[in-house]
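Heads up, the thing below is written out as structure tokens.
The values are calculated or read from the model by the stated rules, or taken from the named source; none is laboratory data. For clarity, every value in this text was computed on a predicted model and none was experimentally measured. In this analysis, Cβ positions are derived from the backbone assuming ideal geometry, glycine residues included, and neighbour counts consider all displayed protein chains.
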Amino acid sequence: MTVDEGIRQQVLEVLTEEFELDPDRLIPSATLYDDLGLDSLDAVDLVVALEKAFSFKLTDEEAVRAVRTVDDLLRLVERTRSGA
Amino acid sequence: MGLKRVVITGRGAVSPFGAGVKALVEGVWQGRSGVRLMEDWRRIRGLKSYLAAPVPDLDPREELPRSLRRTMGDMAVHAALAAREAVVEAGMSDEMLASGRVGTVIGSTTGSPQTYEDFYRMFLPEESIEEVKSGFFFRIMSHSCAANVSLALGIRGEQWAPASACTSAAQAIGLGYLLIGSGRQDAVVCGGADEVHHTVTMVFDVLKAASRRHTEPLATPRPFDRERDGVVCGGGSGVLVLESLDSARSRGAEILAEILGFGQVCDSSHIANPHQDAMAAAMRNAMTEAGIESTGIDYVNAHATGTLQGDSAEAAAIGAVVGRPVPVSSCKGHIGHTLGAAGALESIILLEMLRRQEIIPTLHLDHPDPECAGIDLVREIRPARLETVMKNNFALGGVNAALIFQRRSK
């Protein structure tokens with residue numbers, strides 16, 4: 001499954017703006033905690049920022065906790081957007 | 001007096017003159033004012049003072065990574081920049097900071113008032129916390145500056161945060177002195193911070209104690225002047241590195257001054273009105289602890305904020321304690337009343353006076369008020385032999401603090 005390019009761009013924008021990350025580091029396999037250096041506080045802010053950017057609610061806390069990589073995140077956003 | 005002698009080995013400042021001790025000292029010695037008109041405050045119904053001495057915009061991104069900044073309001077950013085400057089001047093290694101023998105004591109009136117405003121603007125319309133970021137609490141908590149500075153510098157000793165408005169930094173220096181004197185810590189990074197915000201100026205405006213000299217923002221506040229009309233609030237952070245004399249000597253650190261005494265007296269007669277007896281008692285306690293007679297005080301750096309009652313009460317208290325026309329000036333005309341930062345920023349100016357052997361004047365003191373007689377009000381830069389000096393700070397809520405510094409460690 002490929003992620004919609006528009007969604008991908010918007011998620012990467014949230015990551016670069018919210019966490020001042022270099023876009024070059026945002027490869028699909030990059031892990032949010034180990035590779036990108038985010039932590040538990042950032043995870044809270046990531047949800048807030050994504051909810052604002054996409055005007056949706058990430059209510060499935062289990063699914064949010066399961067996110068490990070940039071690719072996981074993109075897929076979660078796409079699933080949530082499509083209501084799946 | 002503690003078991004250990006306590007000296008000052010580092011200074012850091014963010015002030016209305018910008019970042020750094022150098023900017024602060026230059027601004028003061030050039031006789032400049034950091035006060036300006038706050039035009040956008042005119043929108044606030046009932047507020048009658050639109051004057052402040054804010055910190056100019058700074059970009060802290062290079063010095064403080066996002067992971068640190070996310071939990072910092074402006075006051076914590078300023079405290080972290082000042083603290084870093086202070087430990088660099090002290091030549092303190094990362095290993096020493098992390099040793100557990102170094103602590104942090106940094107106070108402020110409250111947490112970041114701008115963050116409070118941002119939060120309630122978001123929360124109140126629909127009573128929603130859905131957009132609250134994780135850093136919010138760490139910006140508004142009363143120990144925001146102490147916690148964030150400890151984190152930024154990797155300090156692992158004791159952490160304290162005296163929250164007593166205008167005496168926060170004076171108490172922080174006093175507490176640092178006690179912690180080192182008692183042997184609990186070898187060194188303490190101590191000071192205070194506060195932000196310019198309309199809700200802060202409002203506190204004084206409600207009490208009819210905020211300046212309204214809007215036609216001449218560069219001529220107010222006017223401590224000890226007969227035309228003084230109240231406080232102008234300022235912002236920033238001052239930080240000192242306090243250290244035991246033994247520790248400073250063993251590291252070969254340059255000693256800027258020794259702290260000889262700290263007096264602190266609670267005035268329980270009124271929550272807001274200044275009382276000269278309590279001011280005098282704080283000064284006497286500091287002098288007794290220092291073992292200094294009144295003849296040994298070469299200069300007093302006054303709290304004097306430019307209020308009608310406060311300045312005359314302090315002048316009378318100093319006159320009563322020192323018993324001769326001792327040279328006195330206030331820094332408030334230059335940098336406004338920096339509240340939680342005042343005790344530390346003004347101490348840094350005082351340390352520079354000790355170094356230069358010069359007394360700075362009270363800015364805007366054109367017509368000394370006869371109600372403030374009995375002391376030698378300094379009105380221009382004056383060369384002087386300064387060995388032992390006193391620093392006063394007083395706060396709403398009845399806190400009266402005095403510190404005694406000596407030029408070099410004998």
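Here are some notes:
- Single residue of region A:1-44 satisfying the filter (over 17 Å from A:Asp72 (Cα atoms) and within 14 Å of chain B (Cβ to nearest Cβ)) that is surrounded by the fewest Cβ atoms within 10 Å (Cβ to Cβ): A:Asp22
- Only one of the numbered conditions (1) surrounded by 14 or more Cβ atoms within 10 Å (Cβ to Cβ); (2) not in a helix (DSSP H, G or I) is violated by A:Arg75, and that is (2).
- Scanning region B:175-202 for residues that are in contact with a Gly (Cβ under 9 Å, 6 or more places away or on another chain) and either of a type in the set (S, T, N, Q) or modelled with pLDDT under 95 (or both) yields B:Ser182, B:Gln185.
- Residue count, region B:70-84 (criterion: within 14 Å of chain A (Cβ to nearest Cβ) and either not charged (D, E, K, R) or not in a loop (DSSP other than H, G, I, E, B) (or both)): 2
- Restricting region B:110-140 to residues that are within 14 Å of another protein chain (Cβ to nearest Cβ) and not in a helix (DSSP H, G or I) leaves a set whose member that is farthest from B:Arg66 (Cα to Cα) is B:Ser128.
- Set B:Gly296, B:Gly306: member being under 22 Å from B:Ala384 (Cβ atoms) and modelled with pLDDT of 95 or more: B:Gly296
- Residue in region A:48-57 that is assigned to a loop (DSSP other than H, G, I, E, B), out of contact with any Asp or Glu (no Cβ under 6 Å at 6 or more places or on another chain), within 25 Å of B:Met122 (Cα to Cα) and away from every other protein chain (no Cβ under 11 Å) present: yes
- Exactly one residue among B:Met287, B:Met283, B:Met279 is closer than 19 Å to B:Ile8 by Cα and not in a strand (DSSP E or B), and that residue is B:Met287.
- Within this structure, B:Val28 passes the test of being more than 14 Å from chain A (Cβ to nearest Cβ), touching a His at 6+ places or on another chain (Cβ under 6 Å) and surrounded by 19 or more Cβ atoms within 10 Å (Cβ to Cβ).
- Scanning region B:204-225 for residues that are more than 19 Å from B:Ser33 (Cβ to Cβ) and surrounded by fewer than 18 Cβ atoms within 10 Å (Cβ to Cβ) yields B:Val206, B:Leu207, B:Lys208.
- Filtered residue count, region B:2-45, keeping only those that are over 23 Å from the mean Cα position of the chain (by Cα) and touching a residue at least 40 places away in the same chain (Cβ under 8 Å): 5
- Count of residues meeting criterion [in contact with a Leu (Cβ under 8 Å, 6 or more places away or on another chain), assigned to a loop (DSSP other than H, G, I, E, B) and either of a type in the set (Phe, Trp, Tyr) or within 14 Å of chain A (Cβ to nearest Cβ) (or both)] in region B:41-62: 2
- Which listed residue, of B:Ser329, B:Ser347, is among the small types (Gly, Ala, Ser) and closer than 11 Å to B:Ile375 by Cβ: B:Ser329
- Some residue of region B:145-161 being within 14 Å of chain A (Cβ to nearest Cβ) and either of a type in the set (S, T, N, Q) or not in a helix (DSSP H, G or I) (or both): yes
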